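Can you read through this structure? Questions will come right after.
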Amino acid sequence: MAQKKHCLSQSCANPRKSPPFIGGLFFVHCLFVAIRHSIFLEKKEFAVAVKKNTSNIINRSPWFVSVRGRPELGRQFSYPKKAEADAYQNMLHDKGLIASVRQLETSFQLRIRRKGVRVQRITFDTYAAAEQALRKIESDLSVSIVRDYAIAAQTSFRDIADRYIAEVAPKHKGGEIEIGRLKKILRDQSFVDKPLAALRTEDLQDFIGERLADVRPATVDRDIDVISQTLRYASDVWKIGPAESPLLGLKRPKYFNERDRRLGSGDERRLLEAARADENEYIEPVIILAIETAMRRSEILSFSARDVDFDRRFILLRETKNGQSRKVPLTRRAMSVLRGLPDRGDAPLLKLTANAVKKAFFQRVLPAAGIADLHFHDLRHEAISRFAETGKFELIDLLAISGHRDPRMLQRYAHLCSKKLAQKMDGVEREDEIEEAYIHRGRKRTLRRKCDATFQVANGQAVEVEMSSENVDADPVVFSASVIDFAAIRARRVGGRSE
């Protein structure tokens, strides 16, 4: 026993000769310390990362001090002046008044913090709007889309509209119309001064309701088009836009403005006579070219004498509505009109502006001709309809004449080409074609006499009708009727029911 204690004491005194399980415990202890230290460092790094990538919504609304029973003593303080609001409340308490301080809910600031991205601060009118914007921004950041939405809080619709008018609209073909619509909106509407971050779908919906009281739905829809184009260009190109577009969920007015006005009997003659007598000598050739070529008004006023090829019978339109040049075939009547016009070199062959055509057509020619509800664009519809009614053109031919890019735009003329389609269907050859005429061989039907006589009332008198039971297909049914006294008729009853 003493020998065992001596050996144990020697092993403890000399660690090199310690038992093997002591070294194993020491290794486990060191491993545990290392893991704990690693976890601590990871938590610290995570905390720093969270601090750098936090987003929150702060209520920065003013403070309001109210006094019970004394509304005239209520005062409002801005968000940074909370200490002044508390001092005012204490002063009221010293006077024996019951005062309270509460924060309004009219301004909420959204703060976005992300590592490597400048801190964004955006102010909203409601907490719901700020929360919705937060979800949108975090969704963008999750896929590495970085946008500074704080600029939208400092930029109004008027700012981007003025820039759009100066830089973008003049480059468009319909730029003058866009500029006119935008200037009217900036002049008459109040929502244009709101920051883009605060612009809501309700603002545009109210605008639609107000405009519908004054103009037609088609006009309101065009106003929304120019607003939409301005907002989207600012968002896509200038990267200035709210977190959520106010166009999302917008209910546009519904309308159907497709016209089917055709020239009636004698309308063309009276129209041309009035145009020939008009003070503007160019209005008559404009009307004739519209009817003969189906060109738009802007296209008729755009080409020069150099664009007319009389040998190959076409006009080269270098600029059209859809942005592509095209060749317009010429009828003999159209060529006769063009040959009679003076050559103006590279200038437009017809010395007219769009406004001059509008005034001459609507204010002088139509009243003189006694024609109502006719638009100049109806002449283009008249021309295409006439070509389609001849049965000589397919839809692809009409597409080349009219210049439409989408064949669906000509579906309204498809029924006018049905005769040509029927003739083509007759021309399809079949190997087992049968030439004999069709004879209907339906089932023979006979009338069976239900009773000897049936009665019906005609003109207040009873009529006795007798029907033959002969074959209906072979011979027609023979009816013989004699007027009898209604009082002499007795209803026969079978099983308690009138027969």
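The values are calculated or read from the model by the stated rules, or taken from the named source; none is laboratory data. The shown structure was predicted, so the numbers you read here are calculated from the model rather than taken from an experiment. All Cβ positions, even for glycine, are placed from backbone atoms using ideal geometry, and neighbour counts span all protein chains on display. Just so you know, the surface numbers come from the protein's heavy atoms only, side chains and all, with ligands and any DNA or RNA stripped out. Shrake-Rupley method; radii C 1.70, N 1.55, O 1.52, S 1.80 Å.
Could you tell me which residue of segment 388-399 is farthest from Gly323 (Cα to Cα), considering only residues that are surrounded by 14 or more Cβ atoms within 10 Å (Cβ to Cβ) and among the aliphatic types (A, V, I, L, M)?
Ala388
Please find, within segment 346-375, the residue that is farthest from Arg297 (Cα to Cα) out of those that are open to solvent by less than 20 Å² (accessible area, probe 1.4 Å) and part of a loop (DSSP other than H, G, I, E, B). Reasoning before the result, please.
Of segment 346-375, the ones open to solvent by less than 20 Å² (accessible area, probe 1.4 Å) are 349-350, 357, 360-361, 365-366, 369, 371, 374.
Restricting the remaining residues to those that are part of a loop (DSSP other than H, G, I, E, B) gives 349-350, 371, 374.
Values: Leu349: 13, Leu350: 11, Ile371: 19, Leu374: 14 Å.
Across segment 346-375, the extreme among qualifying residues is Ile371.
Looking at the structure I just gave you, is Thr230 closer than 23 Å to Asp378 by Cα, polar (S, T, N, Q) and either in contact with a helix residue (DSSP H, G or I) (Cβ under 6 Å, 6 or more places away or on another chain) or open to solvent by less than 70 Å² (accessible area, probe 1.4 Å) (or both)? Step through it out loud before you land on a result.
Details: closer than 23 Å to Asp378 by Cα: no; polar (S, T, N, Q): yes; either in contact with a helix residue (DSSP H, G or I) (Cβ under 6 Å, 6 or more places away or on another chain) or open to solvent by less than 70 Å² (accessible area, probe 1.4 Å) (or both): yes.
Answer is no for this residue.
Can you report the number of residues in segment 165-199 which are assigned to a loop (DSSP other than H, G, I, E, B), among the small types (Gly, Ala, Ser) and either open to solvent by 40 Å² or more (accessible area, probe 1.4 Å) or under 22 Å from Ala153 (Cα atoms) (or both)?
To start, the set of residues in segment 165-199 that are assigned to a loop (DSSP other than H, G, I, E, B) comprises 168, 172-174, 189-190, 194, 199.
Remaining after also requiring among the small types (Gly, Ala, Ser): 174, 190.
From the residues that got through so far, the ones that are either open to solvent by 40 Å² or more (accessible area, probe 1.4 Å) or under 22 Å from Ala153 (Cα atoms) (or both) too are 190.
Looking only at that region, the number is 1.
Now a separate question. Could you list, in sequence order, all residues of segment 193-219 that are among the hydrophobic types (A, V, I, L, M, F, W, C) and under 21 Å from the mean Cα position of the chain (by Cα)? Steps first, answer last, please.
So in segment 193-219, the residues among the hydrophobic types (A, V, I, L, M, F, W, C) come out as 196-199, 204, 207-208, 212-213, 215, 218.
The answer is Leu196, Leu199, Leu204, Phe207, Ile208, Leu212, Ala213, Val215, Ala218.
Can you find a residue in segment 297-317 that is surrounded by 15 or more Cβ atoms within 10 Å (Cβ to Cβ), in contact with a His (Cβ under 9 Å, 6 or more places away or on another chain) and under 22 Å from Ala274 (Cβ atoms)?
Yes: one or more hits.
Continuing with the same structure: Any idea how many residues of segment 70-99 are open to solvent by 60 Å² or more (accessible area, probe 1.4 Å) and in contact (Cβ under 8 Å) with a residue 12 or more places away in the chain?
7
Before we move on, is Asp223 open to solvent by 70 Å² or more (accessible area, probe 1.4 Å) and either farther than 18 Å from Ile177 by Cα or modelled with pLDDT of 90 or more (or both)? If you could, list the steps in order and put the result at the bottom.
Details: open to solvent by 70 Å² or more (accessible area, probe 1.4 Å): no; either farther than 18 Å from Ile177 by Cα or modelled with pLDDT of 90 or more (or both): yes.
It is false that Asp223 is open to solvent by 70 Å² or more (accessible area, probe 1.4 Å) and either farther than 18 Å from Ile177 by Cα or modelled with pLDDT of 90 or more (or both).
Evaluate the following for Leu374: is it in contact with a strand residue (DSSP E or B) (Cβ under 6 Å, 6 or more places away or on another chain) and more than 17 Å from Met409 (Cβ to Cβ)? Walk me through how you get there before you give the answer.
Values: in contact with a strand residue (DSSP E or B) (Cβ under 6 Å, 6 or more places away or on another chain): no; more than 17 Å from Met409 (Cβ to Cβ): yes.
Here the answer is no, as Leu374 does not meet what is asked.
Kindly establish whether Glu284 is surrounded by fewer than 19 Cβ atoms within 10 Å (Cβ to Cβ), out of contact with any Gly (no Cβ under 7 Å at 6 or more places or on another chain) and not aromatic (Phe, Trp, Tyr). Before you say what the answer is, go through the steps one by one.
On the way: surrounded by fewer than 19 Cβ atoms within 10 Å (Cβ to Cβ): no; out of contact with any Gly (no Cβ under 7 Å at 6 or more places or on another chain): yes; not aromatic (Phe, Trp, Tyr): yes.
Against the criterion (surrounded by fewer than 19 Cβ atoms within 10 Å (Cβ to Cβ), out of contact with any Gly (no Cβ under 7 Å at 6 or more places or on another chain) and not aromatic (Phe, Trp, Tyr)), Glu284 does not qualify.
Let me ask something else about it. If a residue must be out of contact with any Asp or Glu (no Cβ under 9 Å at 6 or more places or on another chain) and either within 24 Å of Ala130 (Cα to Cα) or surrounded by 16 or more Cβ atoms within 10 Å (Cβ to Cβ) (or both), how many such residues does segment 235-254 contain?
Going through segment 235-254 one residue at a time, the tally reaches 12.
Let me ask you something else. Failed condition for Ile384, given (1) under 29 Å from the mean Cα position of the chain (by Cα); (2) of a type outside the set (Gly, Ala, Ser); (3) not in a helix (DSSP H, G or I), with all others met?
Against the list (1) under 29 Å from the mean Cα position of the chain (by Cα); (2) of a type outside the set (Gly, Ala, Ser); (3) not in a helix (DSSP H, G or I), Ile384 comes up short only on (3).
Looking only at segment 318-342, which residues are open to solvent by 30 Å² or more (accessible area, probe 1.4 Å), under 33 Å from the mean Cα position of the chain (by Cα) and at pLDDT 90 or above?
Lys327
Shifting gears a bit: Might you check whether a residue that is modelled with pLDDT of 65 or more, open to solvent by 100 Å² or more (accessible area, probe 1.4 Å) and in a strand (DSSP E or B) occurs anywhere in segment 41-55? Step through it out loud before you land on a result.
In the first step, residues of segment 41-55 are kept if they are modelled with pLDDT of 65 or more; the result is 54-55.
Checking which are open to solvent by 100 Å² or more (accessible area, probe 1.4 Å) leaves us with none.
Among the residues of segment 41-55, not one is modelled with pLDDT of 65 or more, open to solvent by 100 Å² or more (accessible area, probe 1.4 Å) and in a strand (DSSP E or B), which makes the answer no.
Another question about this same structure. Test of understanding: among Arg102, Arg121, Arg135, which residue is basic (Lys, Arg), more than 17 Å from Gly241 (Cα to Cα) and open to solvent by 50 Å² or more (accessible area, probe 1.4 Å)?
Numbers: Arg121 fails: more than 17 Å from Gly241 (Cα to Cα); Arg135 fails: more than 17 Å from Gly241 (Cα to Cα).
After applying the criteria, what remains is Arg102.
Which residues, taken from segment 255-288, are free of Cβ contacts under 8 Å to residues at least 40 places away in the same chain and touching an Asp or Glu at 6+ places or on another chain (Cβ under 9 Å)?
Those that are free of Cβ contacts under 8 Å to residues at least 40 places away in the same chain and touching an Asp or Glu at 6+ places or on another chain (Cβ under 9 Å): Tyr255, Glu268, Leu272, Arg276, Glu284.
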